[in-house]
Amino acid sequence: MNEAILVMDFGGQYKELIARSVRSSGVYSRIVPGTIGADGIKALRKELKPIGLILSGGPDSVYDDASIKCDKKIFSLGIPVLGICYGMQLMCHSLGGEVKQGSFGEYGKVKVRPVDGGRPFKALMSHRDSVTRPPKGFRVTAYSDRHIAAFECVEKKLYGLQYHPESAHTEGGEDIIRRFLYDVCLAKGDYRLDEFIESEILQIRKEAGRGERVLLALSGGVDSSVAAALLSRAIPGQLTCVFVDHGFMRKNEGDEIERVFSAFDLDFIRVNAQKRFLARLKGIVDPEQKRKIIGREFIRVFEEEAKKLKNIPFLAQGTIYPDIVESGGTSGAVIKSHHNVGGMPAAISFSKVIEPLSSLFKDEVRVVGRKLGLPGALVERQPFPGPGLAIRIMGEVTAPRLEILRQADAIVREEIDKLKRGPDQYFAVLTDTLSVGVKGDARSYGPVIAVRAVFTTDFMTCEYAHLPHRVLSKISARITGELEGICRIVYDITRKPPATVEWE
């Protein structure tokens, strides 16, 4: 039984980053609702060994009646607790301390000064409320220029940080997380992805049974490719991979996927359903509707293929942990419905859905892929959303608009691919904004193309890539010169958060 840190979710934007930081330190983590309560934590002991709790940040004010609260009994379980941002304020409020709205908020990098004379350091802050009086038995361990930055009750192993140690913008943040895990929670550090592969193979065999066929929804992306490798190792001879070409792929991508996976030792089927998907999206402009329609249609195609193949009972997907979290799977707060989670219809003909990667983050999926022997070019492929170019088109998806974006995206990728060290993800977006221009001494009026390029280690946060101006200039010149009706290109310089990597 793995020891585990439970990350209690209060709606904070960095909860996934907290969970990933814990795992990268060798300890398993799981995100659970902030309202889980002491009894819910005790119930988890049947499958996990909770050795610590981390209370995430959140957008609420703890003194508001409508804010998310936690069960006060969690602080008496004898399990160490670390509260971060809202989590610190909630700990304070729950245990009799005082939290107020300050005259000044703190946002961005703020200098933190330990009271024991330690070296001051810069940490990421994002708060307006602050602790003004710690609970009885707590001592303040650090201040910023304006607020209490940290407190602790060593006797009860309760700790609070107003800043975000899980962020790369906090100096020494990883060490702070590790000290909580190993010095306070006494973690053994027994989380290993080798063990994950072994245990998941056993779980797949248990779920699929002996001799039962499994249909894998294969997109050709990293997640579904690693899922294919894991399933084929677990249940050789039982797996059929179905690639549904919905018509929203990048230039030549459908043919490339077919060429790569047709060479693998597995049953591969390509279903050309371009007209069908495009018809379903006629008149649809809302991105959530697009995702859900595409998700439902995917399932219907898979059901039809399973029926042709003598009613395959099991559907497998490359769903990963951030898909579930962003679709509202831990707190109910939907950032965007992933087509394979929030977009799935309630009723499906498959008796079971198998998702072998649903507990992993993107970087962990890549590690598993390498351990399973997948080629580096496949494992390191940049993410591409299941709904494809349909959610990189703002507004209605039509065949002409798809072709414009497909050509623009190819240009963006061709030019950025020439860099010695390129960003982790880069693509074009067809916006629904029209802009006037001049082409050939005549007035032009057409859609604006946006270019997005980011650096990230986890795809839960990102920084925009500072692309050389010569590259941006070349992209702009090629798109406006090669695509009729396009006369304006913009570059997205927003980080995540507040934005997401994708535009829809």
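The values are calculated or read from the model by the stated rules, or taken from the named source; none is laboratory data. This is a predicted model, so every value here is computed, not measured. Glycine gets a Cβ as well: all are built from the backbone with ideal geometry, and neighbour counts include every protein chain shown.
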**Report entry** Residues of segment 240-266 that turn out to be under 21 Å from VAL353 (Cβ atoms) and modelled with pLDDT of 90 or more, as a count
**Finding:** 6
Report task. Working only within segment 288-322, note down all residues that are surrounded by fewer than 20 Cβ atoms within 10 Å (Cβ to Cβ) and closer than 24 Å to ILE204 by Cα. Result -> ARG300, VAL301, GLU303, GLU304, GLU305, LYS307, LYS308, LEU309, LYS310, ASN311, PRO313
**Report entry** Top-ranked residue of segment 138-161 - restricted to ones that are touching an Asp or Glu at 6+ places or on another chain (Cβ under 8 Å) and at pLDDT below 95, ranked as nearest to GLN89 (Cα to Cα)
**Finding:** HIS147
Query - Single residue of ALA499, ALA450 found to be surrounded by 14 or more Cβ atoms within 10 Å (Cβ to Cβ), among the aliphatic types (A, V, I, L, M), closer than 20 Å to PRO387 by Cα and out of contact with any strand residue (DSSP E or B) (no Cβ under 8 Å at 6 or more places or on another chain) - result: ALA499
Report task. Among the candidates GLY446, GLY422, GLY386, single out the residue that is under 28 Å from LEU215 (Cβ atoms), modelled with pLDDT under 95 and outside the structural domain of SER232 (by TED's automatic domain parsing). Result -> GLY386
Requested in this report: Among residues belonging to segment 464-494 that are under 17 Å from PRO383 (Cβ atoms) and not acidic (Asp, Glu), point out the one that is surrounded by the most Cβ atoms within 10 Å (Cβ to Cβ).
Outcome: ALA465
Query raised in the report: Taking ARG45, is it of a type in the set (D, E, K, R), under 25 Å from SER358 (Cβ atoms) and surrounded by fewer than 18 Cβ atoms within 10 Å (Cβ to Cβ)?
Result: yes
**Report entry** Number of positions in segment 368-405 that are basic (Lys, Arg), in contact (Cβ under 8 Å) with a residue 12 or more places away in the chain and surrounded by fewer than 21 Cβ atoms within 10 Å (Cβ to Cβ)
**Finding:** 3
Requested in this report: Take GLU415 and decide whether it is in a helix (DSSP H, G or I) and either assigned by TED's automatic domain parsing to the domain that holds LEU472 or buried (at least 22 other Cβ atoms within 10 Å of the Cβ) (or both).
Outcome: yes
**Report entry** Number of positions in segment 459-504 that are among the aromatic types (Phe, Trp, Tyr), part of a loop (DSSP other than H, G, I, E, B) and on the phi < 0 side of the Ramachandran plot
**Finding:** 1
Query raised in the report: Can you pull out the residues in segment 122-138 that are surrounded by 18 or more Cβ atoms within 10 Å (Cβ to Cβ) and either farther than 16 Å from VAL154 by Cα or not assigned by TED's automatic domain parsing to the domain that holds LEU95 (or both)?
Result: ALA123, LEU124, MET125, SER126, HIS127, ASP129, SER130, VAL131
